[in-house]
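The values are calculated or read from the model by the stated rules, or taken from the named source; none is laboratory data. The model shown is predicted, which means the values in this text are computed figures rather than measured ones. All Cβ positions, glycine included, derive from the backbone under ideal geometry; neighbour counts span all protein chains shown. The protein model used for the area step is the full one, side chains on, heavy atoms only, and it has no ligands, DNA or RNA in it. Shrake-Rupley method; radii C 1.70, N 1.55, O 1.52, S 1.80 Å.
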Amino acid sequence: MTIPLNLSMKFLLKDQYWPYFLLSARVLLAWTLFHYGWAKLTGSQFGVDEKTMNLPLKEVGLFRLSWYLADHQPFKAFIGISQIGVSLLLVFNRTAIIGAFASIPIWLNILMWDITFMEGMTTAFTFRLSFYLLLTGLILYQSGNKVLPALQSLTENKSSIAYPYWVYLTLPVAAICLEVLGAIPNAILSYAGLLGK
């Protein structure tokens with residue numbers, strides 16, 4: 001089967017290289033997030049073996065300790081579902097920008113986890129994470145005509161509601177009232193003896 005000449009020539013145009021590269025980057029990032037999210041949901045990531053469980057805590061390294069702690073629910077399922085959700089956002093053109101923005105805290109969290117628990121920045125995956133962050137930045141850069149107006153709107157000092165200066169002085173009292181309001185369900189459950197200690 002031969003590819004029609006006009007289709008192959010169109011692909012080879014220089015203005016097609018960059019979008020193709022970034023589409024490939026989206027697929028790579030989406031696959032990586034999906035793969036690791038699925039591994040968490042199916043139980044093949046996190047956790048430690050029985051031998052590690054029988055060691056005294058002072059003999060368990062930070063990496064194994066972190067994997068033991070991350071193996072608990074609902075944390076593990078939340079991370080897995082988040083990674084799969086963001087991977088799906090990256091795949092589709094309409095949601096790729098949201099997926100790219102949502103992936104940044106995931107990449108940064110994993111990067112900090114690795115730096116903290118995997119003996120610094122010596123692991124291969126740590127360098128790959130930095131590369132994933134770079135690819136994510138390039139995806140957002142490609143969509144600059146959509147991203148920049150959104151970011152500029154965050155820096156504009158326009159408020160839909162203006163208050164007199166004295167209202168801002170009452171904010172600490174209002175915040176304390178909200179805190180008390182949020183504590184009422186705990187107080188009721190504690191009084192009824194239903195709140196665990």
Quiz item: What order do you get for 180-192, 94-106 when each peptide is scored by the mean count of other beta carbon atoms within 10 Å, highest first?
Solution: 94-106, 180-192
Quiz item: Which percent of the accessible heavy-atom area of the chain goes to carbon and sulfur, probe 1.4 angstrom?
Solution: 70 percent
Practice problem: Work out from phi, with θ = phi - 60° and the Karplus expression 6.51 cos²θ - 1.76 cosθ + 1.60, the ³J(HN,Hα) of each residue of the stretch 58-68, listed in order in whole Hz, and give x for Gly and Pro. | Solution: 5, 9, 8, x, 4, 4, 5, 4, 5, 5, 5
Quiz item: Which shape class applies to the stretch 40-165: rounded if a/c is under 1.5, otherwise prolate when a/b exceeds b/c and oblate if not, where a ≥ b ≥ c are the square roots of the Cα gyration tensor eigenvalues?
Solution: prolate
Quiz prompt | Over the stretch 28-124, relative contact order from alpha-carbon pairs under 8 Å, at least 6 apart, % | solution = 33 percent
Quiz item: In percent, what relative contact order does the chain have, based on Cα pairs under 8 Å that are 6 or more apart in sequence?
Solution: 19 percent
Quiz item: With all protein chains present and a 1.4 Å probe, how do 113, 38 order by accessible area, largest first?
Solution: 38, 113
